Amino acid sequence: MQQAENASALSFLYRSMRVTLFECRKKGKLDILSPNERRYFSITFHSESFLDSTDWQILRELQQDARLSYNELGRRVNLSAPAAAERVRKLEEKGVITGYSAQIDPAKVGLPLLAFIQLHCNPGKCLLKTSSVEKYPEVLEIHKLSGAHCTLLKVAVSSMEHLEAFNERLGSHGPLISNIVTSSPFTSRMIDWEDPDVNLDPPANPGWSE
């Protein structure tokens, strides 16, 4: 009985917050929201961005070949070229499509060695706050992490000596662990989340429930 009442109360609170957020959005008064309310607002509207089956078809095609003409794209998804162009424009405006770029093989441009480096920045030595991308041209990706290491870097270098020199430079920010990539059997997966056949709910723990 208590659980049902709690669920009902949470549902009512959720609906009430949604109404408040929608009204603030319509009136352009998001600045009056607290930081937590603004975060909730962002999550709510991102989760409700609707992609239909045609949108997903377009995303699949462009992820495989971003150079498709609108004529060819429209043919593949059963739209006219102007309709396909309009769909792509809306996906770009929503931030679903964030850009188009060429994929380069680092080994073919003299950087055959890849490594993932876990970095724990010392106090006052945060890599992102005390350095710049120009100082580390070897870095391909940077990810901020929870846990013992605050930063994960993916780097491409020309040799083991180059990696050692890079680690010496990077080590000025704090202790690090380097992991050399021996092979990459699975990279650049297409994002296809239209109808995932996965369980999104965590398993129940009956022995620990009240």
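Scanning the range 45-96 for residues that are hydroxyl-bearing (Ser, Thr, Tyr), under 20 Å from the mean Cα position of the chain (by Cα) and within 17 Å of Met190 (Cα to Cα) yields a total of 0.
Inside the range 90-117, residues that are loosely packed, with under 10 Cβ neighbours inside 10 Å and in a helix (DSSP H, G or I) make up a count of 2.
The residue list Gly147, Gly174 contains one member that is surrounded by 12 or more Cβ atoms within 10 Å (Cβ to Cβ) and at pLDDT 90 or above, which is Gly174. Residue count for the range 149-195 satisfying the condition of being over 24 Å from the mean Cα position of the chain (by Cα), more than 17 Å from His120 (Cα to Cα) and not in a strand (DSSP E or B): 9. Taking the range 127-139 as the range and being touching a residue at least 24 places away in the same chain (Cβ under 8 Å) and surrounded by 15 or more Cβ atoms within 10 Å (Cβ to Cβ) as the test, the residues that pass are Leu127, Ser131, Tyr136, Glu138.
Among the residues of this structure, Arg87 counts as one that is touching a helix residue (DSSP H, G or I) at 6+ places or on another chain (Cβ under 8 Å) and charged (D, E, K, R).
Here are the criteria: (1) under 18 Å from Leu163 (Cα atoms); (2) at pLDDT below 95. Tell me which single one Leu140 does not satisfy. All conditions pass for Leu140, except number (2).
The values are calculated or read from the model by the stated rules, or taken from the named source; none is laboratory data. These figures come from a predicted structure and were not determined experimentally. Cβ atoms come from the backbone with ideal geometry, glycine included; neighbour counts cover every protein chain shown.
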